[in-house]
Structure formats: structure tokens, C-alpha cells
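The values are calculated or read from the model by the stated rules, or taken from the named source; none is laboratory data. Since the model is a prediction, treat every value here as computed from it, not as a measurement. Cβ coordinates were reconstructed from backbone atoms using ideal geometry, including for glycine residues, and neighbour counts include every protein chain displayed. Ligands, DNA and RNA are stripped out before the accessible areas are found, and what is left, the full protein with its side chains, is counted by its heavy atoms. Shrake-Rupley method; radii C 1.70, N 1.55, O 1.52, S 1.80 Å.
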Amino acid sequence: MKKETFDEIWEELKNENPETRRKLEVMEDCSSVIRQLVIARVDSGLTQKELAAKCGLTQSAIARMEKMQAMPRLDTLITVAKALDLSLPVKKSNQV
């Protein structure tokens, strides 16, 4: 039996149907943004608790976001980004 990589399985799932593909692509984009926010938090020397205080959120909300246990709302992502002196740019997709 051939061992499949995570990326191969992910691509297979994305090809199942258009709705599954859309959901997985949204998750990929959200995951990328959150990874960048985590890196910025760590580079800034902030703990989750300190970032939460700057955002008016709880430490557990930051933890859930960073672990991707809950899909954060756009306004939450913007609030966290601003607290880290970042912005969330919108860019044109390569998709048709």
C-alpha cells in the first residue's frame, strides 16, 4: 500500500466537489493569516495573555484562534492584527 502524504490527501479532498474545495481553501487562507499573527506575537515578545489584554479578548480566545480550534471572525483578526501593528491586506486571487 502506497503511503500518501498530507498534501496528497489534502489535494484529493479538495477535488471531491466544489463546496469542499471552497471550504478547504478558506481554511488554508485563514490558517496562513493566523500563522503570521502567531509569528508576529512571538517576535513582539508578547504572551497570549498580553495580546489578549491589548485586544480586549481573553487569553483562551487567543489560544483557540492560534490552535485553529475556532474560526475567528474577520473583525477579531483585524483587531489582533492592529494590536500587533499589522494590517490584513486583500489581494487578488489567482483563481478564475
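In the stretch 5-32, which residue that is in a helix (DSSP H, G or I) and of a type in the set (S, T, N, Q) is farthest from Lys91 (Cα to Cα)? Working first, answer last.
The initial filter retains those residues of the stretch 5-32 that are in a helix (DSSP H, G or I), namely 6-14, 18-32.
Subset that is of a type in the set (S, T, N, Q): 20, 31-32.
Details: Thr20: 22, Ser31: 16, Ser32: 14 Å.
My answer is Thr20.
When Leu46 is evaluated against the numbered criteria (1) at pLDDT 95 or above; (2) open to solvent by 70 Å² or more (accessible area, probe 1.4 Å), which criterion, by number, is the only one it fails?
(2)
In the stretch 13-31, what residues are open to solvent by 90 Å² or more (accessible area, probe 1.4 Å) and either touching a Phe, Trp or Tyr at 6+ places or on another chain (Cβ under 8 Å) or modelled with pLDDT under 80 (or both)?
Answer for the stretch 13-31, where residues must be open to solvent by 90 Å² or more (accessible area, probe 1.4 Å) and either touching a Phe, Trp or Tyr at 6+ places or on another chain (Cβ under 8 Å) or modelled with pLDDT under 80 (or both): Asn15, Glu16.
So, in the stretch 49-70, exactly how many residues are assigned to a loop (DSSP other than H, G, I, E, B) and surrounded by fewer than 14 Cβ atoms within 10 Å (Cβ to Cβ)? Quick ask: steps written out before the conclusion?
Looking only at the stretch 49-70, we keep the residues that are assigned to a loop (DSSP other than H, G, I, E, B), and these are 56-58, 67-70.
Going one step further and asking which of them are surrounded by fewer than 14 Cβ atoms within 10 Å (Cβ to Cβ), we end up with 56, 58, 67-70.
Within the stretch 49-70, residues that are assigned to a loop (DSSP other than H, G, I, E, B) and surrounded by fewer than 14 Cβ atoms within 10 Å (Cβ to Cβ) number 6.
Which of the residues spanning the stretch 74-90 are farther than 14 Å from Ile39 by Cβ, assigned to a loop (DSSP other than H, G, I, E, B) and aliphatic (A, V, I, L, M)?
Passing the criteria: Leu88, Val90.
For the stretch 32-43, which residues satisfy the criterion of being more than 13 Å from Leu86 (Cα to Cα) and either of a type in the set (Asp, Glu) or open to solvent by less than 80 Å² (accessible area, probe 1.4 Å) (or both)?
Within the stretch 32-43, Ser32 is the sole residue that qualifies.
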